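Report on the following structure.
The values are calculated or read from the model by the stated rules, or taken from the named source; none is laboratory data. Just so we're clear, the structure is a prediction, and the values are computed from it rather than from any experiment. Methodologically, a virtual Cβ is constructed for each residue, glycine included, from the backbone with ideal geometry; neighbour enumeration extends over all protein chains shown.
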Amino acid sequence: MKAPEILKFETAAVLAPGENNPRNSEGDFAVLNDGRILFAYSRYHGESGRDDAPCDIAALVSSDGGRSFEPLGRFPATAEEHRTLNIMSVSQKRLDTGELCLFYLCKRGPRSEVYLKRCVDEKNVVFGEPELIVPAHKSIYYVINNCRVAKLDDGSLILPLARHKIVKRPNGSKSGEYFGTCCFYRGGPDGRDFYMEQKILKMKNPGYSETGLQEPGVSVLPDGRLYAYFRTDRCFQFESFSEDGGKTWTAPSPSRFTSPDSPMLIMRNPYSGVYYSVWNPVPNYNGRIDKTKRWINAGRTPFVIAASENGLDFSDFTVLENDPDKGYCYPAMLFLSETELLLSYCAGGEEDGTCLSKTVIKRVTLGKE
């Protein structure tokens, strides 16, 4: 396929940090029953934008096909109702039952859990009580990214999770170590009865890596196989395949996607059948001149998009953003038609604190493939 052609690249919303709101980051889209578009995201409050700082799930609503967004006016989920400080990294998925569900990570000190909420009133965008689907493990800290819940051909759900071993630090505190492995939780078409598949994926020769496999994603290929991809520090996204719905996987290995330590997202356009990938194609490596402080963009620029008919053989990429003083990461996609796409991602710079502090929503018009 040819590289995607960008006919229009319009800003629909900018979620910049402000007073008592140091960070607005990673979100996901859903279409409500009446056609409105719901964008849920991590909204921090207080003074800190650290990953474990106070954070709730906030939302915007669009009534004009994603051309503009307004605040919902209430929080779909709060940390307070979980009796903790931080919930974040939201995904949305409509089940085969017709229910719209919100999935998110809940942090409890050195441990974490994953919950879902069902939308009980789509007209007023009200979600019900939290349902625990991935319980805390005494020795594992789980991570699930935004826009990561996948629905298989039979309607069942698969959640790709990074696993970080909880270790005791010299000062006596406990936290998840940086090195990651990966597992997959599977649930029924009704969003219940989640269980962990037994296969745990690990990076071969882990001594060469500080990150291991982090922030996994998964897509369903046209032949029914599952394709998993992982952020690493080895200058590539790693990849793995499953032919049995996620029970067993091939050994993770480098993919064609060069990348810094930054997440990628692959999604299929249901109107055209074309797969699109968005990521940062240039890793930090010896010889690259990085003119920006790493803590601002973490090497996450430029930000690009590529296309594929089979979900594996991708075209050359088209650059979406390339400001060297900003970082672009944690994308989400919603396809509105064969050629229209809503794309959200973190896009902060030094004026925002870090690349994670500001999120934008773009309405993208693509040329026909």
Checklist outcome for this item: Those strands (runs of 3 or more DSSP E) completely within the range 181-265 that have 1 or more residues that are of a type in the set (Val, Ile, Thr), touching an Asp or Glu at 6+ places or on another chain (Cβ under 9 Å) and within 17 Å of Gly311 (Cα to Cα) are 214-220
Checklist entry - For Glu113, which of the numbered conditions (1) of a type outside the set (Gly, Ala, Ser); (2) in contact with a helix residue (DSSP H, G or I) (Cβ under 9 Å, 6 or more places away or on another chain); (3) within 21 Å of Phe29 (Cβ to Cβ) fails to hold? => result (3)
Next on the checklist: Of all residues being over 17 Å from the mean Cα position of the chain (by Cα) and under 24 Å from Tyr208 (Cα atoms) in the range 225-247, which is surrounded by the fewest Cβ atoms within 10 Å (Cβ to Cβ)? Just the residue, please.
Outcome noted: Cys235
Checklist outcome for this item: The correct count of residues that are part of a loop (DSSP other than H, G, I, E, B) and out of contact with any Leu (no Cβ under 7 Å at 6 or more places or on another chain) in the range 102-147 is 13
Checklist entry - Would it be correct to say that Val143 is modelled with pLDDT of 95 or more and either over 29 Å from Ser308 (Cβ atoms) or in contact with a Phe, Trp or Tyr (Cβ under 8 Å, 6 or more places away or on another chain) (or both)? => result no
Checklist entry - Based on what the data block shows, is Asp28 among the acidic types (Asp, Glu) and touching a helix residue (DSSP H, G or I) at 6+ places or on another chain (Cβ under 9 Å)? => result no
Checklist entry - Does Lys168 satisfy the criteria of being of a type in the set (D, E, K, R) and exposed (fewer than 14 other Cβ atoms within 10 Å of the Cβ)? => result yes
Checklist entry - Can you spot a residue in the range 74-84 that is under 23 Å from Leu343 (Cβ atoms), of a type outside the set (Ser, Thr, Tyr) and in contact (Cβ under 8 Å) with a residue 12 or more places away in the chain? => result yes
Checklist entry - Can you tell which of Arg186, Arg192 is of a type outside the set (Ser, Thr, Tyr) and either surrounded by fewer than 17 Cβ atoms within 10 Å (Cβ to Cβ) or modelled with pLDDT under 95 (or both)? => result Arg192
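Evaluate the following for Ser240: is it within 30 Å of Ser337 (Cβ to Cβ), of a type in the set (S, T, N, Q) and at pLDDT 95 or above?
no
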Checklist entry - Which of the residues spanning the range 98-114 are of a type in the set (Ser, Thr, Tyr) and surrounded by fewer than 22 Cβ atoms within 10 Å (Cβ to Cβ)? => result none
Checklist entry - In the range 207-243, how many are on the phi > 0 side of the Ramachandran plot and either of a type in the set (D, E, K, R) or touching a strand residue (DSSP E or B) at 6+ places or on another chain (Cβ under 8 Å) (or both)? => result 3
Next on the checklist: Could you tell me how many of the residues in the range 318-334 are in contact with a Ser or Thr (Cβ under 8 Å, 6 or more places away or on another chain) and either among the polar types (S, T, N, Q) or surrounded by fewer than 21 Cβ atoms within 10 Å (Cβ to Cβ) (or both)?
Outcome noted: 5
Item to check | Number of the exception - Val120 against (1) closer than 20 Å to Arg192 by Cβ; (2) in contact (Cβ under 8 Å) with a residue 12 or more places away in the chain | outcome: (2)
